[in-house]
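A short write-up of the structure that comes next.
The values are calculated or read from the model by the stated rules, or taken from the named source; none is laboratory data. Treat the numbers as computed from the prediction; the structure is a model and nothing was measured. Neighbour counts are summed over all protein chains in view; Cβ atoms, including those assigned to glycine, are modelled from backbone coordinates with ideal geometry. Accessible surface areas use protein heavy atoms only, side chains included; no ligands, DNA or RNA. Shrake-Rupley method; radii C 1.70, N 1.55, O 1.52, S 1.80 Å.
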Amino acid sequence: MSSVDVRKRLLEAAGPVFSEKGFEKATVREICQKADVNVASVNYYFGDKEQLYLDVICLAKEMGVSRAPLPEWASDTLPEQKLRDWVITLVRRMLGTGELSWSNHLIMREVLRPTKACEHLIQELFRPFVNVADAILLEMLGEDVPAYRRMQCIFSIAAQCQFYRVSGGMVSLMLGQEEQEIHYNTERLIEHILQFSLAAIKNLKQEFDGSVMESSSTFHKI
């Protein structure tokens, strides 16, 4: 078996184990057993368990991005369309299921119970993605709305998406599976989140446009 094969098998085995048990409770022995390799392989190929975990986090990040990449926009694309695409991308990354679901679960675990690896996710995944949203909101709101208010909007939009990832089981219990499948499927959630967010953004812009007009009126009276 080649070195590339062993390394790949370790990563593929470690992903679901770390996702289910977290970094602390997952053991090198269990990972090596699932990969069907010698228990010393982790140290040989990765140095230690912590580096293996970081590499698995990197793999989970790449899987999420490849599954739901942001589109490339033409220069005349409306900011509302960009925001729609951003929300669609976020929801699909968060709610991904099937054979890749361990990667979503692992990243969500890292968000809720951060380890040292979370810094990598922040710099390589979250911050660039948030910067895209910030540029979209700047285009929609203008420079009169301060940066911290734009960031609050981004966090609020992301929180709506995250709720259905974290609390999907509770939603099912409250509503029933049939209603959830009809009214809370991915496409309907995207439309609701987008409609709700656009209304809030419009209200925020009106609030600051009104403040600017009031300040201008006061200045002219003086």
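Structural remarks
- Residues of segment 7-40 classified as touching a residue at least 40 places away in the same chain (Cβ under 8 Å) and polar (S, T, N, Q), total: 1
- The residue that is surrounded by the fewest Cβ atoms within 10 Å (Cβ to Cβ), counting only those in segment 16-45 that are of a type in the set (Asp, Glu) and under 17 Å from Met108 (Cβ atoms), is Glu24.
- Yes/no for Leu54 being within 16 Å of Leu121 (Cβ to Cβ), hydrophobic (A, V, I, L, M, F, W, C), assigned to a helix (DSSP H, G or I) and at pLDDT 95 or above: yes
- Residue ID - surrounded by the most Cβ atoms within 10 Å (Cβ to Cβ), chosen from residues in segment 130-164 that are out of contact with any helix residue (DSSP H, G or I) (no Cβ under 8 Å at 6 or more places or on another chain) and closer than 23 Å to Arg109 by Cβ: Phe163
- The single residue among Ile182, Ile193 that is assigned to a helix (DSSP H, G or I), at pLDDT 85 or above, among the β-branched types (Val, Ile, Thr) and open to solvent by less than 60 Å² (accessible area, probe 1.4 Å) turns out to be Ile193.
- Within segment 68-85, residues that are more than 16 Å from Phe129 (Cα to Cα) reach partners that are open to solvent by less than 50 Å² (accessible area, probe 1.4 Å) with beta carbons closer than 9 Å, at six or more positions or on different chains, in the pairs Thr77/Asp85; Glu80/Ile136; Glu80/Met140; Glu80/Leu194.
- Meets criteria (open to solvent by 80 Å² or more (accessible area, probe 1.4 Å) and either of a type outside the set (A, V, I, L, M) or farther than 22 Å from Asn104 by Cα (or both)) for Gln177: yes
- The one condition in (1) surrounded by fewer than 14 Cβ atoms within 10 Å (Cβ to Cβ); (2) among the aliphatic types (A, V, I, L, M); (3) at pLDDT 85 or above that Met213 fails to fulfil: (3)
- Within segment 158-168, being assigned to a helix (DSSP H, G or I) and either under 11 Å from the mean Cα position of the chain (by Cα) or over 14 Å from Trp86 (Cα atoms) (or both) holds for Ala158, Ala159, Cys161, Gln162, Phe163, Tyr164, Arg165, Val166, Gly168.
- Residue count for segment 59-93, restricted to those that are hydrophobic (A, V, I, L, M, F, W, C), open to solvent by less than 30 Å² (accessible area, probe 1.4 Å) and assigned to a helix (DSSP H, G or I): 6.
- Against the test of being open to solvent by 30 Å² or more (accessible area, probe 1.4 Å) and polar (S, T, N, Q), the options Ser172, Ser103, Ser167 yield a single qualifying residue, Ser172.
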